[in-house]
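Visitor: I'd like to ask you about the structure that follows.
The values are calculated or read from the model by the stated rules, or taken from the named source; none is laboratory data. Everything quoted here is computed from the prediction, not taken from an experiment. In this analysis, Cβ positions are derived from the backbone assuming ideal geometry, glycine residues included, and neighbour counts consider all displayed protein chains. The accessibility values were calculated without ligands, DNA or RNA, using every heavy atom of the protein model including side chains. Shrake-Rupley method; radii C 1.70, N 1.55, O 1.52, S 1.80 Å.
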There are 2 protein chains.
Amino acid sequence: MTGRYEAMWERLNLDLDAHASLLEVLGKFYGDIYMSQQGRLRGMEYLDFVLSEIHGLRIQELQEARANGRKVIGTFCVFVPEEIVWAADAIQVGLCAGAEAGTEAAEKILPRNTCALIKSFVGFKLARLCPFIESCDMVVGETTCDGKKKAYEIFSDYAPVYVMEIPQMKCAADRALWKAEVLRFKQAVEDLTGRSITAERLREAVVLINQRRRALQRLNRLRAAHPVPISGRDVLLINQVSFYDDPKRFTQKIEELCDELEDKVRRGEGVADGAVRLMLSGCPMAIPNWKLPYIIESSGAVVVGEESCIGSRNTRDLVDESASNLDELLDAIVDRYMKIDCACFTPNAERLEHIVDMARELNVKGVIHYGLSFCQPYAMESFKVEKALQEAGFPMVAIETDYSMEDVEQLKTRVEAFVEMVR
Amino acid sequence: MTGRYEAMWERLNLDLDAHASLLEVLGKFYGDIYMSQQGRLRGMEYLDFVLSEIHGLRIQELQEARANGRKVIGTFCVFVPEEIVWAADAIQVGLCAGAEAGTEAAEKILPRNTCALIKSFVGFKLARLCPFIESCDMVVGETTCDGKKKAYEIFSDYAPVYVMEIPQMKCAADRALWKAEVLRFKQAVEDLTGRSITAERLREAVVLINQRRRALQRLNRLRAAHPVPISGRDVLLINQVSFYDDPKRFTQKIEELCDELEDKVRRGEGVADGAVRLMLSGCPMAIPNWKLPYIIESSGAVVVGEESCIGSRNTRDLVDESASNLDELLDAIVDRYMKIDCACFTPNAERLEHIVDMARELNVKGVIHYGLSFCQPYAMESFKVEKALQEAGFPMVAIETDYSMEDVEQLKTRVEAFVEMVR
């Protein structure tokens, strides 16, 4: 795709040579991990296409939208209320944060023992490798963890950062704080776009994003089938792409894919015959962070659920659509986002319940808890997760890693041992 | 002191042998670092005495108070509004968190890459070495960092933990959240003590704690003198003891010590002739964490200021005493604590201003930024601190360490190089 988009990338001030190398590595990696799968669903072709064009056609779409006066808002977190962005006719996209890029530059302005995700988004920007952030009119950060909270202060020297405060408990005062933050964000988006958010537009946006969530919920329910009809890798990719793609188009494609999956389930067909059903829980996995799922699915297991922000946390709860005016719609949005069971909350007992419920519904043999090195909230919460799962009869292993490939063999050994244990 | 208090420690369920070893090591460490100083102030004898009796007489006082129906509330953070505790005739004390103790046990329930302070307070409890926590009717945690926030969830299986939520910004909704938290804490303290907090009692408590802050402010102002009349180690000890001692007695002793210091300044006498004036900034140093100050003051420098929670952050701001009723007093407390410039806030520009102001007022040659390994908020903020200090003409070096003695020689080399550079 290099030739077709080079002029655009140059206008976006990307480092063309380094970017070409990145795409080459990404393509090879994708080929090894994704295209090597046997008997894949026809519907995955769309995902393959989107991924192959993620720095191409999708960026071109963003540029065209911008040329027509629309704004692009980049995010890193499921707390940013998307409905508000779409209601102002702006476009919300995720940002590059799933690969080692510009690490050396990032470590000049961040401590070395910062989690890979944070070093990655800073590195992508400093190394001029992310066409999404270069297309952004606003980048929304949040206070979900110390690392991101403090990194955004530094990052705001390099990008147009706006920070939302996320409360840390779920009392009345927290809900009030979050509502104030949602209103402040609405104002900021209105100021940026020059469009005022009406009840009608907001309701449309609520339905738009709910529909995407419903499609992904449907997809996840189908994974309860035996044998499981789709690989964990493929569903992870779908979840990842949901942060970048146009929501309407994406939803339609996923519904089609679910139709195909239903047929497959009806026929009793599945992937990975005899593989051990496992669930992933923990930190988010941004594109192209497919390392651990690939290791798991190369070790006699199949991932049937992802309890993470790039997984069930982003799709479980819908916004109540019955609201009759702007205020009620905003309240419905506030309430929906307050249900998020991020490890930033204390206590966070809901998450433990959700994990155990998921493990039961998906009928898994065990859970792999995935932590990014130096991610304190998830690392610490994994002790409680393990206890809750143990009490419910599900074995768990905690894996901590980053984006490097140095520990692949070591991880393989640990995962294989776990799979053997729970088989 | 072992013989005199053994029965009490046994009643508190301490591990007597391990505790005896701890006191022995602590005594030797104190001798090396403190008693070795030449020409110390007479007033420091009181501090030496308090420290020598910190697990003895002070604990006995707490036990006697409890026998008389008073409650003891333990804390780890300068955000806990002490005035409310004292107004309910309860006693607030700091908890053990400054030495390696029970690390092995702590690492069974916490990730290894947790900061030394957190591992220490958990370890002290699990190894049954802290008579303060064993004397507590309530332990107050807070959400200042991911590590503590999540550790308290685990710690609450072992101690009567109550958690306060600290906001992360300083907008109107944050102040409202903090006020709600202060009121919730007031209720919890009233419930625990069975005493209701009246305007009169609260005003007395405000004055009591303000007086202690004023005494410490006076002490810190005297350190602007050339030559500096007191070592940094001694002032650190004073700050540390302020968290454990009876506030009234402590304030009186510090005022006496300041009288002595004023005489010394008038006579032009100082400590550490020709030593390079440095300031410490960053993470708190709990007893007996004297490693870095000792290294600095053994390297041709003298510490003339501590920008930390065990330092200026806890003494800089007073509560407005002019309030005329309970509501106004509570508002004054809320406002005073909202001024704290902890790295948990984003952005936290006030801290940068305070550090530069301090460096100027104390006429330092440079600043040593102290970070506990894995303390993300202070590690990340140190990049901004260094920039602000550089712009103001003050060199800074960032030192990251924990409570082990393994890196002493390495730290010495780095500190000596910095002292030579700024001399």
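Visitor: Near B:K365, which aspartates and glutamates are there with a Cα under 12 Å away, not counting those fewer than 8 places off in the same chain?
Guide: By straight Cα distance, B:K365 reaches B:E420.
Visitor: Another question, if that's okay. Sorted by packing (mean other beta-carbon atoms within 10 Å per residue), highest first, where do B:284-292, A:102-110 land?
Guide: B:284-292, A:102-110
Visitor: Compute the FRET efficiency between B:D48 and B:D263 as 1/(1 + (r/R0)^6), taking r as their Cβ-Cβ distance and R0 = 25 Å, and round to the nearest 0.05.
Guide: 0.80
Visitor: Calculate the mean, over all residues of peptide B:174-183, of how many other protein chain Cβ atoms lie within 10 angstrom of the residue's Cβ.
Guide: Mean inter-chain Cβ contacts per residue within 10 Å come to 4.
Visitor: Counting only protein heavy atoms and using a 1.4 Å probe, what share of the accessible area of the stretch A:5-168 belongs to carbon plus sulfur, as a whole percent?
Guide: 48 percent
Visitor: OK, next. Using alpha carbons only, how many angstrom separate the centre of the stretch B:138-168 from the centre of the stretch A:366-416?
Guide: Between the Cα centre of the stretch B:138-168 and that of the stretch A:366-416, the gap is 24 Å.
Visitor: Ignoring ligands and nucleic acids, what accessible area does B:D191 show with a 1.4 Å probe (Å², nearest 10)?
Guide: We get 110 Å² for B:D191.
Visitor: Could you tell me whether the stretch A:261-384 comes out rounded, prolate or oblate from its Cα gyration tensor? Rule is a ≥ b ≥ c as square roots of the eigenvalues, rounded for a/c under 1.5, then prolate if a/b exceeds b/c, otherwise oblate.
Guide: Oblate, since a/c reaches 1.5 and b/c is not below a/b.
Visitor: When Cβ neighbours within 10 Å are restricted to other protein chains, what is their mean count per residue of peptide A:104-115?
Guide: That works out to 3 on average.
Visitor: Given a 1.4 angstrom probe, what's the average accessible area per residue across the protein assembly as shown, in square angstrom?
Guide: 37 Å²
Visitor: Filter A:K149/B:K148; B:K71/B:K339; B:K291/B:K339 down to the pairs with a C-alpha to C-alpha distance above 18 Å, please.
Guide: B:K71/B:K339; B:K291/B:K339
Visitor: Right, another one. If contacts are Cα pairs under 8 angstrom and at least 6 residues apart, what is the relative contact order of chain B in percent?
Guide: 17 percent
Visitor: Residue separation times 0.36 nm, minus the C-alpha to C-alpha distance between A:K339 and A:A199: what's the value?
Guide: 48.1 nm
Visitor: Which of B:S324, B:S298, B:S308 ends up with the largest GNM mean-square fluctuation for chain B, with Cα atoms connected below 10 Å?
Guide: Highest fluctuation of the listed residues: B:S324.
Visitor: Rg/Rh for the stretch A:202-422 to two decimals, with Rh computed the Kirkwood way over all alpha-carbon pairs.
Guide: 0.97
Visitor: A further question follows. Which residues does a label at A:A18 reach in the stretch A:142-158, if reach means a backbone N under 19 Å from a point 7 Å past the Cα toward the Cβ?
Guide: Label zone hits: A:154-158.
Visitor: Provide a whole-number value for the mean count of partner chain Cβ atoms within 10 Å of the Cβ atoms in peptide A:137-149.
Guide: Partner-chain Cβ atoms within 10 Å, mean over residues of A:137-149: 4.
Visitor: Next question. Students often forget the sequence filter, so: which lysines lie under 16 Å Cα-Cα from B:K150 once same-chain residues fewer than 8 apart are removed?
Guide: A:K170, A:K384, A:K387, B:K108, B:K119
Visitor: Which value, in Å² and to the nearest 10, is the accessible area of A:S382 when all protein chains are kept and the probe is 1.4 Å?
Guide: Counting only protein heavy atoms, the figure is 10 Å².
Visitor: May I pose another question? Leaving out ligands, DNA and RNA, calculate the buried accessible area for the pair B and A with a 1.4 Å probe, summed over both sides, in Å² to the nearest 100.
Guide: 3800 Å²
Visitor: Ok, one more. Considering only protein heavy atoms, what is the solvent-accessible area of B:E361 at a probe of 1.4 Å, reported in Å² to the nearest 10?
Guide: Result for B:E361: roughly 130 Å² accessible.
Visitor: Still on this structure, please answer the following. Counting only protein chains, not ligands or nucleic acids, how are A:K384, B:K150, A:K186 ordered by accessible area (probe 1.4 Å), most first?
Guide: The residues order as A:K384, A:K186, B:K150, largest area first.
Visitor: Now, a different point. If you plug each phi of the stretch A:244-259 into the Karplus form 6.51 cos²θ - 1.76 cosθ + 1.60 with θ = phi - 60°, what whole-Hz ³J(HN,Hα) values come out, in order, with x for Gly and Pro?
Guide: Result, rounded to whole Hz: 10, 7, 4, x, 5, 4, 4, 4, 4, 5, 6, 4, 4, 5, 5, 4.
Visitor: Roughly how many nanometres apart are two label points built 7 Å out from the Cα toward the Cβ at A:H226 and B:C171?
Guide: Each label point lies 7 Å from its Cα, and together they span 5.0 nm.
Visitor: Oh, and also: Rank these residues by their accessible area, most exposed first, probe 1.4 Å: A:D317, A:D15.
Guide: A:D15, A:D317
Visitor: Assuming a ≥ b ≥ c are the square roots of the Cα gyration tensor eigenvalues, decide whether chain A counts as rounded (a/c under 1.5), prolate (otherwise, with a/b larger than b/c) or oblate.
Guide: Note, shape of chain A comes out rounded.
Visitor: OK, next. In Å and on Cα atoms, what radius of gyration and Dmax does the protein assembly as shown show?
Guide: 28.8, 96
Visitor: Given a Förster distance of 35 Å, report the FRET efficiency between B:S298 and B:R214 from their Cβ-Cβ distance, rounded to the nearest 0.05.
Guide: According to the calculation, E is roughly 0.65.
Visitor: While we're on this one: Ignoring any ligand, DNA or RNA, what whole percent of the accessible area of the stretch A:202-422 comes from carbon and sulfur when the probe is 1.4 angstrom?
Guide: Solvent-exposed carbon and sulfur of the stretch A:202-422 make up 50 percent of the total.
Visitor: Can you put B:K119, A:K365, B:K28, B:K149 in order of accessible area, largest first, using a 1.4 Å probe?
Guide: From most exposed to least exposed: B:K28, A:K365, B:K119, B:K149.
Visitor: Between Rg and the Kirkwood Rh of the stretch A:5-168, both from Cα atoms, what is the Rg to Rh ratio?
Guide: 0.97
Visitor: For chain B, what does the helix formula give at 222 nm: sum of -39500 (n - 2.57) over DSSP H segments with n ≥ 4, over the residue count, nearest 500 deg cm²/dmol?
Guide: Taking each H run of at least 4 residues, the total per residue is -16500 deg cm²/dmol.
Visitor: Can you classify the stretch A:359-423 as rounded, prolate or oblate using the Cα gyration tensor, where a ≥ b ≥ c are the square roots of its eigenvalues, rounded means a/c under 1.5, and otherwise it's prolate if a/b beats b/c and oblate if not?
Guide: Oblate.
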